[in-house]
Amino acid sequence: MNEWQQVPASDMEALKSPLMSFFEKRRARNFFIYVQDYEENDPRTFQGRDLRRMTMRQLFNEFSLGEDTIDFIGHSLALYRDDAYLDQAALPAVKKVKLYHDSLYRFAGTKTPYIYPLYGLGELPQSFARLSAVYGGTYMLNKPDCEVVYDEQGRACGVQSDGETAKCKFVVGDPSYFPGKTKVVGRVARAICIMSHPIPGTVDAHSVQIVIPQKQVGRRSDVYVFCSSYAHNVAANGKYIAFVSTTVETNNPARELDAGLSLLGPVDHKFIYVTDDHMPTNNGGQDKCFISKGYDATTHFESTVDDVLEMYTKITGKELDLDKLSLNQTIDG
């Protein structure tokens with residue numbers, strides 16, 4: 001594994017892709033046309049298929065797609081982490097592929113379905129903090145040794161630090177604040193690499209997202225590569241930052257990153273570390289501790305966003321539907 005190819009996400013891209021043979025391009029084109037035209041509320045677009053009943057494997061078979069094509073559609077477009085989706089209802093996978101396509105063409109002039117904030121992801125909590133302050137929120141920053149406080153019934157009722165206690169109705173936090181309330185479900189190996197050049201073969205792109213499907217490197221887990229640069233104000237002028245990550249499967253985690261590291265070219269500095277992936281053992285309803293999941297190996301943050309939406313529902317009892325929100329509208333509750 002020493003090169004990568006851009007995956008097609010539309011009917012026209014399928015016809016130009018070097019990933020497929022001539023006949024496979026035609027079959028993939030027909031599949032993408034079906035997905036692009038599919039509307040969940042318009043039976044005319046179903047073409048006689050009930051995607052709630054048929055599996056994704058059956059849908060792929062109807063278009064006679066090959067294993068390699070199925071591989072990149074499932075892992076690079078739909079962003080599934082394993083192949084369990086193939087034997088599940090086809091509708092969620094079709095919606096994921098359609099979302100990728102729609103995101104890719106959402107903004108004129110962009111060549112990616114992903115949006116990354118200038119100055120890095122740290123801008124997101126900063127923006128949240130500013131907005132929260134506007135609506136009366138209070139922030140206690142840089143507090144050492146924060147500890148959750150519980151009442152006689154074992155319910156979280158505050159957070160204590162440096163002799164001060166902030167009272168609350170519930171506590172939201174990552175697993176590190178709740179010892180004994182999470183379990184380890186896996187380990188993740190990550191490499192952070194500082195480079196003086198873009199990833200080779202990416203047309204000098206300042207941001208790149210690469211998914212190496214598990215089957216292509218003889219693994220049970222995909223390998224993820226992400227790169228951003230000084231253009232995003234996350235590195236010194238002329239520098240690029242690349243991340244390579246995967247779920248640990250062996251006793252030599254560093255070697256498991258080789259498939260991704262081999263794509264980067266010369267690296268100025270490399271830092272490799274392994275972390276446990278934690279999962280909360282309850283939903284927070286009883287002890288008022290709403291705990292986020294640990295970060296998995298993915299670099300596109302889809303699982304993180306899903307976790308945030310799940311936590312919102314656990315805390316408020318309501319599902320968050322962003323489609324019904326207008327720009328500048330606030331969320332009650």
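Using the Cα gyration tensor of the stretch 182-333, with a ≥ b ≥ c the square roots of its eigenvalues, what is the shape: rounded (a/c below 1.5), prolate (a/b larger than b/c) or oblate (neither)? Since a/c reaches 1.5 but b/c is at least a/b, the shape of the stretch 182-333 is classed as oblate.
Share of the chain's accessible area from carbon and sulfur, percent, 1.4 Å? Carbon and sulfur together cover 51 percent of it.
Remark on K143: its backbone amide H falls under 5 Å from none of the residues 5 or more positions apart or on other chains, H modelled at 1.01 Å from N. On a per residue basis, the stretch 167-295 carries 50 Å² of accessible surface, using protein heavy atoms and a 1.4 Å probe. What separates the Cα centres of the stretch 109-182 and the stretch 206-240 is a distance of 28 Å.
Each listed q (0.07, 0.12 Å⁻¹) maps to a log10 I(q)/I(0) for the chain, found by the Debye formula over equal Cα scatterers with no solvent: -0.36, -1.05. Here the stretch 150-195 is treated as a Stokes sphere of Kirkwood radius computed over C-alpha pairs; at 37 °C and 0.692 mPa s its diffusion coefficient rounds to 238 µm²/s. Shape index of the stretch 1-48: Rg/Rh, with Rg the Cα radius of gyration and Rh the Kirkwood radius from the inverse mean 1/r over Cα pairs, equals 1.12. In the chain, the calculated helix contribution to ellipticity at 222 nm averages -7000 deg cm²/dmol per residue, counting -39,500 (n - 2.57) for every DSSP H run with n ≥ 4.
The values are calculated or read from the model by the stated rules, or taken from the named source; none is laboratory data. Remember, predicted model here, so these are calculated numbers, not experimental data. Note: accessible area is taken over every heavy atom of the protein model, side chains too, but ligands, DNA and RNA are not part of it. Shrake-Rupley method; radii C 1.70, N 1.55, O 1.52, S 1.80 Å.
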